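Colleague: There's a structure below that I have some questions on.
A short reminder: the numbers here are calculations on the coordinates, not readings from a lab. Since the model is a prediction, treat every value here as computed from it, not as a measurement. Methodologically, a virtual Cβ is constructed for each residue, glycine included, from the backbone with ideal geometry; neighbour enumeration extends over all protein chains shown.
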Amino acid sequence: MFAIWALVIGGLMVTMGLIGSVVKRMPIAPSALYLLFGVALGPVGAGLILLDLHDPDHVAALEIVTEIAVLISLFGVGLRLRVRMSYRIWRLPVQLASVAMLLTIAGVCAVGVGWLGLPLGVAVLAGAILAPTDPVLASDVQMEDTEDRDIVRFSLTGEGGLNDGTAFPFVMLGLGLLGHHQLGPGLTRWIAVDLIWATVGGLAIGAALGLLASKTILALRMRFHEAVGLESFFTLGLIGVSYGAALSASTYGFLAVFAAGVAMRQVERDENPNTPPDEVLGTVPIKGLEQVATHEHKAAAYLTQTVSAFSLDVERLAELCVTLLIGAMLTRATFSVPALGCALLLILLIRPLSVYLSTAGMGLRPAQRRLTAWFGIRGIGSLYYLAYSLAHAPEMAQADLLLQITLCTVVVSIVLHGSTATPLMAMYQRVRR
């Protein structure tokens, strides 16, 4: 099995390295290609990759793989948001990750109970699983660089970073309604612990650790010329520490990792508030890396840019691996009428309506509102929450239908959003100019 994975992943990485520039010019996302490769290697095709989500070991493995992928992507998204937390531009992603997400969960839940006949707990789980937008697969519609202040791109980027964590309380609510989690009398425990403490605590822990780690390493570099290099170790270490500390405090690790990335970027911004990091660095000679890394005015920019570049590369690898797995899990049963109907209702009706209602009066132009409503890309986060739910409620009623709905929604989203991202965003850019 390892030899097969080495051959498949290695071959795909080499192939994408060779044709990556061609794919960028095509109206198709790389994730769609990975999906096709996964289908070809799964039970529908060659049968080289077989995942059975009725097997607890396979569920546990999928949970770990998707968990790692989401963590890496959330940290990278946080690093892209080079905007002061006090600026009004943050209002829209927060609104999307809270109000729009709640409306989406309610809409999916209504479809689940009213049309599909799901138990309330399973319907709430379906809503929570499908509500988060994906920070990995949405790269074509996210911020192009740290200085991008377009409200659509910034909002979609921030929403993708936040709602992978803000959906967690509702996953716990769904599990609680099914008897697999303590909600407390009158939902008191769920409100106090799962909704308030775990959310606020996760953000606070991540922000504190991101600030502390960044300021410490910069102080060591600028004052003592120590702790130079190994930015990849620092990146993975900060992700691990933030996640572990958050979970140890019974808070949400996803929000902590996202907040750590945002905090790290804020440290860099405070050092050079009026100059983009690329301009601060200029052309960096290979033999002068240590001088730049320890320079009084360039150290912060160098640290965040190198960490961001590393996290982006790992993020692309995670996208490849997980999307390949999604393709390998597809069967004819995945696209049942209930699953396909739920996917289309979410993408074509529930998401747009939720965004329109939650952004009323926020000053968006019609074109900006339409794009924000359309690009609610579903992906790796939904797959993680599915695996988490199956692991914690192994005997769940109608688990197969929940699996079909999730996989079908992700695939439809990859195809529809992936094929429209490049032309629609190009059209939007022309209108802006």
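Colleague: What are the ³J(HN,Hα) couplings of region 87-92, residue after residue, when phi is run through the Karplus curve with 6.51, -1.76, 1.60 and θ = phi - 60°? Round to Hz, x for glycine and proline.
Modeller: Computed from phi, the couplings for region 87-92 are 6, 5, 4, 6, 4, 5 Hz.
Colleague: Give me the number: length gained by fully extending L120 to A6, i.e. 0.36 nm times residue separation minus the C-alpha to C-alpha distance, one decimal in nm.
Modeller: Values: separation 114, 0.36 × 114 = 41.04 nm, distance 4.23 nm.
Stretched fully, the L120-A6 segment lengthens by 36.8 nm.
Colleague: Report the extension gain between S98 and H54 in nm, rounded to one decimal, defined as 0.36 nm multiplied by the number of residues separating them, less their alpha carbon distance.
Modeller: Details: separation 44, 0.36 × 44 = 15.84 nm, distance 3.24 nm.
Value of the extension gain: 12.6 nm.
Colleague: Here's something else I'd like to know. Per DSSP helix of 4 or more residues, -39500 (n - 2.57); summed, then divided by the residues of the chain. What does that give at 222 nm, rounded to the nearest 500? It would help to have the intermediate numbers written out before the result.
Modeller: Values: 19 runs with 293 residues, N = 433.
Per the formula, -22500 deg cm²/dmol.
Colleague: Hey, what angle do you get for helix 399-432 against the long axis of the chain, alpha-carbon based, 0 to 90 degrees rounded to 10?
Modeller: Between helix and principal axis, roughly 50 degrees.
Colleague: Can you tell me the relative contact order of the chain? Whole percent, Cα pairs under 8 Å, sequence separation 6 or more.
Modeller: Details: 650 pairs, mean separation 125.8, N = 433.
Relative contact order, the chain: 29 percent.
Colleague: Here is a follow-up. Region 337-367 to region 21-75: how many Å between their Cα centroids?
Modeller: Measuring centre to centre over Cα atoms gives 26 Å.
Colleague: Then there is this: Could you list I380, I191 so that the one with the fewest beta carbons within 10 Å of its beta carbon is first and the one with the most is last?
Modeller: Numbers: I380 28, I191 15.
Ranked by crowding around the Cβ, least crowded first: I191, I380.
Colleague: Measure nothing fancy, just the Cα-based angle from helix 151-166's long axis to the longest principal axis of the chain, in degrees from 0 to 90, nearest 10.
Modeller: 60 degrees
Colleague: How large is the Rg to Rh ratio of the chain when both quantities use alpha carbon positions and Rh follows Kirkwood?
Modeller: Numbers: Rg = 21.3 Å, Rh = 22.1 Å.
Rg/Rh for the chain comes to 0.96.
Colleague: Still on this structure: In what sequence do Y388, Y356, Y243 fall when counting other Cβ within 10 Å, fewest first? Write out the running numbers ahead of the final one.
Modeller: On the way: Y388 21, Y356 16, Y243 25.
Going from least to most buried by this count: Y356, Y388, Y243.
Colleague: Connecting C-alpha atoms closer than 10 Å in a GNM of the chain, tell me which of E395, E319, E231 has the biggest fluctuation.
Modeller: E395
Colleague: Let me ask another. Any chance you could give the angle, 0 to 90 degrees and rounded to 10, that helix 231-248 forms with the longest Cα principal axis of the chain?
Modeller: 50 degrees
Colleague: If you don't mind, there's one more thing I want to ask. Could you sort 331-337, 114-120, 396-402 so that the peptide with the highest average Cβ count within 10 Å comes first and the rest follow in order?
Modeller: Working: 331-337: 12.6, 114-120: 15.0, 396-402: 18.1.
With the highest mean Cβ count within 10 Å placed first, the list reads 396-402, 114-120, 331-337.
Colleague: Among V171, V22, V39, which one shows the highest mean-square fluctuation when the chain is modelled as a Gaussian network with alpha-carbon springs under 10 Å?
Modeller: V22
Colleague: Could you tell me which residue out of A126, G341, Q291 lies farthest along the dipole of region 2-432 toward its positive end? Charges go on the beta carbon: Lys and Arg +1, Asp and Glu -1, centred on the Cα centre.
Modeller: Of A126, G341, Q291, it is G341.
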